[in-house]
Amino acid sequence: MQKRSLLLQISQLPKLHRRCNQAYFFSSGKTQNFHSFPDNNGDPMYSDVPKPRTDKSQRKPYPTPMKELIKRAKQEKELRKSQPCRLLEHPPANGLLVPELVDVAHRVYRARELILSGLSKLLQFIPVQRCRFCYEVHIGNVGHEIRTCTGPKSGSRSATHVWRKGGVGDVIFFPKCFHLYDRVGKSRVVHDERHSAPRIPAILELCIQAGVDVENYPSKRRTKPVYSIEGRIADFESVAGMDEMETNLFFENVDDTEVDVLRRDPNSELNAEDTNLIELSTRTLDSWFEMIGGVRKIMEKYNVWTCGYCPEVQVGPKGHKVRMCRASKHQSRNGLHAWQEAIINDLVGPNYVWHVHDLNGPPLRNDLKRYYGKAPAVVELCVQAGAPVPDQYRSMMRLDVVPPERDEVDLVA
């Protein structure tokens, strides 16, 4: 009996060994080493460069965790039950402007005009290339040789780009959205209004809702907060008072100095002979950071929405109801967008490009792409024109990495 029990224990040793190996492999230390290997999508050196979604059928990640969104929805529902009729106190939900963001909106508006004017002048000195079949952009005299094209028939070209001359719209991209005259009273554009409602750049719409008055795109400005009755907005301002406000809509919240700035041609600040390319590029780069910083502040108070599957954006309390989505799973939504909270990259497309150390040097090679850095196209263009490299983009641009020469590739590990 003892001999038989001993043989039984010996036969169970391999099973116990396999269980121990599995437990050790799935332990915390082992999994950390496993995830530290580079993935199939690229090199871990580019962890600081935002990567585009490889699977377009997957939804964009939520900026705010889903648990937090559910918690907010429950709190709003409880508040509507406890107070069916209440006066909204906090702007901009009550229809009033946020006073401290009015000046920020004007600075963002002016910075955007200066960026577009500055880029149009910089393109006369620094060439920009754009692929004919995809959205790849390159700053330099000759396009790069990195095989990343995803356009039509890219497989027959081995993903090689076909370059042509680019413009300002290729360097910086402002997605458009529907303009809302009354962002609180009528916060949504329905499908039947898709042709009558004007579409303007989303960043311009954000500035208008935050306090900038543009002549061709009027916006309703209130003097009294609105009421919420069982979740519906009710405005009790007199009709006569609103008619008087609409006649004096333009520049009603802007002082005299701001009016002069808005009426002035933005090209006047960039002299016709501006002459110093370094000053022009530095001023354009400063306007870029001023615009990005101002948009971040405004988005903390004013809602901006984006579709979870396509690039569509909408500025306002809610997303529109125009059935124009053609992305993944749009049949199940009847063409409606899957709205979620937007981030800064949805409102201002940075369009990351490869950094070039020498514009007059040889084109970037595909087998050396792990040594090249990236930067937003606006930053790369201004740096090539002579502006100092921003500190927040030094590591991303790989300024401390020296690419090997053509005859040294085989010698590099």
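The values are calculated or read from the model by the stated rules, or taken from the named source; none is laboratory data. Keep in mind it's a predicted model, so treat the numbers as computed, not measured. Cβ atoms come from the backbone with ideal geometry, glycine included; neighbour counts cover every protein chain shown. Accessible surface is based on the protein model in full, side chains and every heavy atom, while ligands, DNA and RNA are left aside. Shrake-Rupley method; radii C 1.70, N 1.55, O 1.52, S 1.80 Å.
Quick notes on this structure:
- Considering only residues in the range 298-314 that are touching a residue at least 40 places away in the same chain (Cβ under 8 Å) and closer than 28 Å to Glu100 by Cα, the one that is most open to solvent (accessible area, probe 1.4 Å) turns out to be Lys301.
- Qualifying residue in the range 352-365 (condition: at pLDDT 90 or above, of a type in the set (D, E, K, R) and more than 15 Å from Glu145 (Cα to Cα)): no
- Scanning the range 318-343 for residues that are of a type in the set (S, T, N, Q) and closer than 25 Å to Ser196 by Cβ returns a single hit, Asn334.
- Pairs meeting the criteria (first residue in the range 217-229 and among the aliphatic types (A, V, I, L, M), second residue surrounded by 15 or more Cβ atoms within 10 Å (Cβ to Cβ), beta carbons under 6 Å, at least 6 apart or on different chains) are Val226/Leu88; Val226/Asn94; Val226/Gly95; Val226/Val184; Val226/Ile233; Val226/Asp235.
- Flag set for Pro92, criterion: touching a Leu at 6+ places or on another chain (Cβ under 9 Å), closer than 30 Å to Ser228 by Cβ, open to solvent by less than 50 Å² (accessible area, probe 1.4 Å) and modelled with pLDDT under 95.
- Tally, over the range 368-388, of residues that are assigned to a loop (DSSP other than H, G, I, E, B), surrounded by 14 or more Cβ atoms within 10 Å (Cβ to Cβ) and either free of Cβ contacts under 8 Å to residues at least 24 places away in the same chain or not hydrophobic (A, V, I, L, M, F, W, C) (or both): 3
- Note on the range 306-340: residues that are outside any strand (DSSP E or B) and touching a Ser or Thr at 6+ places or on another chain (Cβ under 8 Å) total 7.
- Selection count where residues are buried (at least 20 other Cβ atoms within 10 Å of the Cβ) and either part of a loop (DSSP other than H, G, I, E, B) or more than 9 Å from the chain's Cα centre (by Cα) (or both), scope the range 341-351: 2
- Checklist (1) surrounded by 13 or more Cβ atoms within 10 Å (Cβ to Cβ); (2) of a type in the set (Asp, Glu); (3) modelled with pLDDT under 85 applied to Asp43, failing item: (1)
- Residue within the range 97-117 that is open to solvent by less than 30 Å² (accessible area, probe 1.4 Å), more than 24 Å from Asp182 (Cα to Cα) and either polar (S, T, N, Q) or without any contact (Cβ under 8 Å) to a residue 12 or more places away in the chain (or both) present: yes
- Across the range 56-78, the qualifying residues are those that are open to solvent by less than 70 Å² (accessible area, probe 1.4 Å) and not in a helix (DSSP H, G or I), and the one among them that is nearest to Tyr227 (Cα to Cα) is Thr64.
- If the condition is being under 16 Å from Val304 (Cα atoms) and not small (Gly, Ala, Ser), then the range 198-230 contributes Arg199, Ile200, Pro201, Ile203, Leu204, Glu205, Leu206, Cys207, Ile208, Gln209.
Condition check ((1) within 19 Å of the chain's Cα centre (by Cα); (2) open to solvent by 20 Å² or more (accessible area, probe 1.4 Å)) across all residues:
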{"position": "Leu119", "(1), (2)": "no, no"}
{"position": "Arg130", "(1), (2)": "no, yes"}
{"position": "Glu136", "(1), (2)": "yes, yes"}
{"position": "Ile139", "(1), (2)": "no, no"}
{"position": "Gly151", "(1), (2)": "no, no"}
{"position": "Arg157", "(1), (2)": "no, yes"}
{"position": "Arg164", "(1), (2)": "no, yes"}
{"position": "Val168", "(1), (2)": "yes, yes"}
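- If the condition is being open to solvent by less than 70 Å² (accessible area, probe 1.4 Å) and free of Cβ contacts under 8 Å to residues at least 60 places away in the same chain, then the range 329-340 contributes His330, Arg333, Gly335, Leu336, His337, Trp339.
- Check on Ser196, farther than 30 Å from Arg232 by Cα, free of Cβ contacts under 8 Å to residues at least 24 places away in the same chain, assigned to a loop (DSSP other than H, G, I, E, B) and more than 24 Å from the chain's Cα centre (by Cα): no
- Pick from the range 389-413, criterion open to solvent by 70 Å² or more (accessible area, probe 1.4 Å) and in a loop (DSSP other than H, G, I, E, B), ranking: modelled with the lowest pLDDT: Ala413
- Taking the listed residues Val356, Val295, the one that is within 14 Å of the chain's Cα centre (by Cα) and either in contact (Cβ under 8 Å) with a residue 24 or more places away in the chain or open to solvent by less than 60 Å² (accessible area, probe 1.4 Å) (or both) is Val295, with no other qualifying.
- The criterion of at least 2 residues that are touching a helix residue (DSSP H, G or I) at 6+ places or on another chain (Cβ under 8 Å) is met by the following strands (runs of 3 or more DSSP E) wholly inside the range 79-192: 128-131, 137-139, 176-178.
- Single unsatisfied condition, Ala197 versus (1) surrounded by fewer than 20 Cβ atoms within 10 Å (Cβ to Cβ); (2) of a type in the set (A, V, I, L, M, F, W, C); (3) within 30 Å of Arg283 (Cβ to Cβ): (3)
- Filter pass, Gly361 being touching a residue at least 60 places away in the same chain (Cβ under 8 Å) and among the small types (Gly, Ala, Ser): no
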